[in-house]
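Here is the structure we will look at.
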Amino acid sequence: MSIRTFIANSPNGYKLSIYLELLGLKHETTSISLHDNEQKQEWFLKLNPNGRIPTLVDESTNTTISESAAILMYLADTYDKERKFSYLHGTKEYNKMLELIFFQMSGIGPMQGQANWFLVYAPEKIPYAIERYTNETKRLYSVLEEVLKRNNEEYGSDFLVGPHISIPDILFIGWIPFLPLLGIKLSAYPRVFKWASKVLEIPQVKKGFTIPANPPIWDDSLPSYN
Ligand SMILES: N[C@@H](CCC(=O)N[C@@H](CS)C(=O)NCC(=O)O)C(=O)O
């Protein structure tokens with residue numbers, strides 16, 4: 001076995017399992033307990049000095065890499081030579097893919113993450129922080145709604161970029177099962193709901209969401225999963 005992932009059943013961890021399943025690559029997983037702060041242990045910090053999952057080790061290329069989007073881009077460049085799940089460098093679709101990768105990693109990822117933190121985990125409940133990050137998350141999902149609209153107008157596609165599924169679809173879908181935590185209804189964003197339903201129907205996506213274990217939250221405000 002040459003690919004090993006170090007992940008948890010959390011938004012950024014699922015991204016790897018799903019993309020590896022789509023690419024049809026064998027992978028083994030070490031499940032990290034965030035609850036026990038295993039990601040801050042010395043052995044893990046040697047892999048990723050940032051002390052956060054996910055990290056991937058690919059022995060066949062002697063690569064250790066962290067940051068979910070960087071990992072998916074590495075996997076695409078190394079293993080998706082036919083560009084079935086990504087786009088070729090230099091194309092218009094590649095540039096749009098890049099834009100949405102950064103939008104996910106600097107927008108919905110950290111904002112939804114902070115909203116979760118202040119609403120669910122923070123020992124002190126600070127209404128201003130909860131409101132700020134929840135509202136920003138809502139705003140960003142409405143931007144995603146517009147992104148889907150524009151891509152559909154241009155390509156007649158229900159995916160985020162160009163005519164087929166690609167890295168941004170996987171980066172964004174990883175966060176969808178965690179929206180109920182914030183009491184945000186996906187149905188408020190009809191195109192996002194339709195897109196999520198379509199992506200969640202893909203067997204490899206379903207499988208990815210079981211590695212290392214099912215998402216802890218999945219309620220009936222989300223597209224059906226099973
Ligand atoms: N930008 C990073 C974010 C990684 C991240 O925040 N991971 C969370 C789990 S989804 C984590 O490890 N949290 C534990 C901690 O912050 O110590 C990525 O996309 O990989």
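So the values come out like this:
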quantity: Relative contact order of the chain, defined on C-alpha pairs under 8 angstrom at six or more residues apart (%); calculated: 25
quantity: Cα-derived Rg to Rh of region 113-226, Kirkwood definition; calculated: 0.99
quantity: Per residue value of the accessible surface for the chain (all protein chains in place, 1.4 Å probe), Å²; calculated: 48
quantity: Qualifying aspartates and glutamates (Cα of each under 16 Å from Cα of K26; at least 8 residues distant if same chain); calculated: D58, E59, D80
quantity: Distance (nanometres) between label positions extended 7 Å along Cα→Cβ at K198 and K125; calculated: 3.9
quantity: Heavy-atom accessible surface of region 3-79: percent carbon and sulfur, 1.4 Å; calculated: 46
quantity: Integer Hz, Karplus 6.51/-1.76/1.60 couplings in order for region 164-171, x for Gly and Pro; calculated: 9, 5, 7, 3, x, 4, 6, 4
quantity: Burial ranking of peptide ranges 63-73, 132-142, 9-19 (average Cβ count within 10 Å, highest at the top); calculated: 9-19, 63-73, 132-142
quantity: Above-threshold pairs, the threshold being 24 Å between Cα atoms, out of K138/K194; K46/K125; K185/K206; K84/K138; K15/K96; K46/K96; calculated: K46/K125; K84/K138; K46/K96
quantity: Cα→Cβ-extended label distance, 7 Å offset, between R150 and L88, nm; calculated: 2.4
quantity: Length-normalised contact order for region 92-202 - Cα pairs under 8 Å, 6+ apart - percent; calculated: 27
quantity: Dipole magnitude (debye, nearest 20) for region 3-79, charges at Cβ of Lys, Arg, Asp, Glu; calculated: 100
quantity: Rg over Rh [alpha-carbon atoms, Kirkwood Rh] for the chain; calculated: 0.95
quantity: For the chain, size of Cβ-based charge dipole, Lys and Arg +1, Asp and Glu -1, in debye; calculated: 220
quantity: Accessible area of region 92-202 belonging to carbon and sulfur atoms, whole % at 1.4 Å probe; calculated: 57
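The values are calculated or read from the model by the stated rules, or taken from the named source; none is laboratory data. The model shown is predicted, which means the values in this text are computed figures rather than measured ones. Virtual Cβ from ideal backbone geometry, glycine too; neighbours counted across all protein chains shown. We work out accessible area using only protein heavy atoms, side chains counted, and drop any ligands, DNA or RNA first. Shrake-Rupley method; radii C 1.70, N 1.55, O 1.52, S 1.80 Å.
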